[in-house]
1. Which condition breaks for Gly240 when tested against (1) surrounded by 21 or more Cβ atoms within 10 Å (Cβ to Cβ); (2) closer than 15 Å to Ala168 by Cα?
2. Which of the residues that make up region 184-205 are within 24 Å of the chain's Cα centre (by Cα) and surrounded by fewer than 22 Cβ atoms within 10 Å (Cβ to Cβ)?
3. When the residues of region 259-271 are narrowed to those that are in a helix (DSSP H, G or I), more than 15 Å from Gly242 (Cβ to Cβ) and among the hydrophobic types (A, V, I, L, M, F, W, C), which ends up modelled with the lowest pLDDT?
4. Of the conditions (1) out of contact with any Asp or Glu (no Cβ under 7 Å at 6 or more places or on another chain); (2) crowded, with 19+ Cβ neighbours inside 10 Å, Ile208 fails just one. Which one is it?
5. Might you check whether a residue that is farther than 20 Å from Ala239 by Cα, small (Gly, Ala, Ser) and touching a residue at least 24 places away in the same chain (Cβ under 8 Å) occurs anywhere in region 91-114?
6. Among (1) among the β-branched types (Val, Ile, Thr); (2) assigned to a helix (DSSP H, G or I); (3) touching a Pro at 6+ places or on another chain (Cβ under 7 Å), there is one condition Val30 misses while meeting the rest; what is its number?
7. Please tell me if Ala181 is within 30 Å of Gly44 (Cα to Cα) and surrounded by 16 or more Cβ atoms within 10 Å (Cβ to Cβ).
8. Hey, could you check region 115-139 for residues that are β-branched (Val, Ile, Thr) and either buried (at least 24 other Cβ atoms within 10 Å of the Cβ) or touching a residue at least 12 places away in the same chain (Cβ under 8 Å) (or both) and say which is farthest from Ala62 (Cα to Cα)?
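The values are calculated or read from the model by the stated rules, or taken from the named source; none is laboratory data. Treat the numbers as computed from the prediction; the structure is a model and nothing was measured. All Cβ positions, glycine included, derive from the backbone under ideal geometry; neighbour counts span all protein chains shown.
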Amino acid sequence: MSELGQTRRDWLLSERPASRTQARLGRVYVAWRRFTANRLAFLGLLIIIALLVVAALAPMLAPFSPVVGDLKTSRLLPPGAEHWLGTDDLGRDILSRLIYGSRWTLYVVVLVAIIAAPIGLLVGTVAGYAGGWTDAVLMRLTDIFLAFPKLILALAFVAALGPGIENAVLAIAITSWPPYARIARAETLTIRNSDYIKAVQLMGASPIRIVLRHIMQLCISSLIIRVTLDMAGIILTAAGLGFLGLGAQPPLPEWGAMIASGRRFILDQWWVAGAPGGAILIVSLGFNLLGDGLRDALDPRSGEK
């Protein structure tokens, strides 16, 4: 390591930081070291980065149109030099559909996280800090949602709202917030009587300010870990809705819908359903590995390895 690099490392790992910026950068550096020490977690990060790159560059990477095929000469072709993953029953290139389908996968995952995570964080922190009847009402509402399997509850909401990718996202988000609320409440119960919160109260901060400006910030790291670990479940739920025809509608290249269209050919033309199934497996594995790594890196109760 060069002298400059060693100096920067010592600055980041200083036990007496001279500013808040130095302290924050030091925490980020320590977390990054913990994360990169886990090779499987780093592999998960590479998978997710690859997914982001493929989704962003889909028009340049896809060799064919994802919605237009050639029924005369390209129907159900096996993987080959021209069509690397073969074609489906409508003569469409499966690789191109997978590449464009990555966009819809990210669309669902990001929107569900944006909708569900803040709702769960708000409900959990308010319930944990307020206590009493507020806690009882909010947690019993959470228990009602947790009592139903996520996919079954999502099916019920989509059946009421109607099929479509937007309604599927809303249904998955409605069923995904209760675990986040539980985690946020547990974190709030552990810190609401801490000296830090007591000091803020003595300074005259209102309960709303304490929850929004202080408690929520302390719960974010745990929430990020849980959201990342839940990404695989969100992808599987979205694929399940697409498989049942309640998610993305044809001709959108959504992976669950692709599996549904290929189930009739699973014995003879296995690649039609096998390719999107493999994509779901790889991406779900990537999110799980990434979530495990983030849990080890961001857990404040774990020491540096």
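1. That leaves (1) as the condition not met.
2. Across region 184-205, the qualifying residue is only Ala186.
3. If we take residues in region 259-271 being in a helix (DSSP H, G or I), more than 15 Å from Gly242 (Cβ to Cβ) and among the hydrophobic types (A, V, I, L, M, F, W, C), then Phe265 is modelled with the lowest pLDDT.
4. (2)
5. No, because not a single residue in region 91-114 is farther than 20 Å from Ala239 by Cα, small (Gly, Ala, Ser) and touching a residue at least 24 places away in the same chain (Cβ under 8 Å).
6. The one condition Val30 does not meet is (3).
7. For Ala181, the condition - within 30 Å of Gly44 (Cα to Cα) and surrounded by 16 or more Cβ atoms within 10 Å (Cβ to Cβ) - is met.
8. Val126
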